[in-house]
Amino acid sequence: MVVPSSTTPPPASQQQQDTAAAPAMIPTVDISAARTTAARACAAALGKGGFFRLVGHGVVGAAAERMDAAAAAFFGRTAAEKARAGPASPLGYGCRSIGFNGDVGELEYLLLHANPAAVAHRARSIDATHPSRFSAVVNEYIEAVKQLACEILDLLGEGLGLKDPRYFSKLITNADSDSLLRINHYPPSCTIHKLDHDDQCNIKGLVSTKASNGANLTAGGRIGFGEHSDPQILSLLRANDVDGLQVLLPDSDGKDMWVQVPADPSAFFVNVGDLLQALTNGRLVSVRHRVIATACRPRLSTIYFAAPPLHARISALPETITASTPRRYRSFTWAEYKKTMYSLRLSHSRLDLFNID
Ligand code: GA4
């Protein structure tokens, strides 16, 4: 197992990082391979950079297509119709605004609690005409992707040699799991952006003009979703064939590089969240990532954030604590962590606040 660097890098804005178009740095795990091979590959890939491309999953074909069609139909509605499902606080329909502390991105999104009853309740404001059809499609997708997340977590538990290899997956199959589903819609970046308050999320109505605000630009494009790590246990992302995702990975010299992730609609992209970093005492690292919009077509992505129940206590598993790697984080509940994360900006390295010094 490769043990990654123990420090979380400060935001890219404070560093001089290069952006590499180096797909070779992104590991691929074939989940249809022999169990021990897949288990070792999961643990190695997540231990190295906290991120991998998952192929051979074969579980969500039709469910994924129905999910994408429902998402595209929603985002294709008028701004006024979509606004009925918002504003995101934090759940619901959001447009540009992310969280509660002033973060913005060039996107609109739906953020849903991944619980069947919560989805059914929310569906009434998302699709007033056919709410039960919308919730059936979303719940079917959530169920499929949750099973996939459990499979990956079980393989990871085996690959890490845990006494209870199902420890991680039990946290998310718990009936009170606080997992989320996020559906992001990034407008094409070459037909942007008259972002006044009336038409800012009427994607069809976007007009060509020069970018209005330099602060939201990077050398390569506009910031769709700014640099951050995911707070939960594990995230599973699937997107259409439009590029945009970048992950911060160490190169062969250990220097952090922004790596462009080539789009692959047939794959899932899997990343470690802050809680998995804490549970493994920093052996797995919650990867920092962002979305930079450069394409002339809209990007649609769906992300499942596998989380434990709010009352779950997060402490490093005994197997991950050794004489040379003593306990790194104090124990906390997911509820406590959530409260902290919502009080901070998107790019904050929030897990550092739980370090034992
Ligand atoms: C990042 C990962 C998920 O998209 C998310 C985001 C959440 C939100 O959009 O409400 C947060 C962000 C995310 C972490 C810091 C806080 C909370 C926005 C924000 C500024 C849904 C999540 O769970 O954490």
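Structure data summary
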{"item": "Sulfur and carbon atoms: percent of accessible area, the range 34-134 [1.4 Å]", "result": "56"}
{"item": "Principal semi-axes in Å for the range 262-309 [√(5λ), Cα gyration tensor, largest first]", "result": "27, 12, 10"}
{"item": "Over 18 Å [Cα-Cα, the range 24-119], rounded percent", "result": "64"}
{"item": "Solvent exposure of the range 255-357 as accessible area per residue, Å², 1.4 Å probe", "result": "38"}
{"item": "M67 - accessible surface, heavy atoms, 1.4 Å probe, Å² rounded to 10", "result": "0"}
{"item": "Accessible surface, the range 99-151, averaged per residue in Å² (probe 1.4 Å)", "result": "43"}
{"item": "Solvent-accessible area, 1.4 Å probe, carbon plus sulfur percent, for the range 223-275", "result": "49"}
{"item": "Interchain or long-range residues, amide H under 5 Å from M257's placed H", "result": "L249, D251"}
{"item": "Whole-angstrom Cα spans of the range 229-344 along principal axes, big to small", "result": "49, 36, 28"}
{"item": "Sequence-distant residues sharing a close amide H with T333 (under 5 Å, placed H)", "result": "I314"}
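The values are calculated or read from the model by the stated rules, or taken from the named source; none is laboratory data. The model shown is predicted, which means the values in this text are computed figures rather than measured ones. Side chains are part of the model used for accessible areas, which takes the heavy atoms of the whole protein and leaves out ligands, DNA and RNA. Shrake-Rupley method; radii C 1.70, N 1.55, O 1.52, S 1.80 Å.
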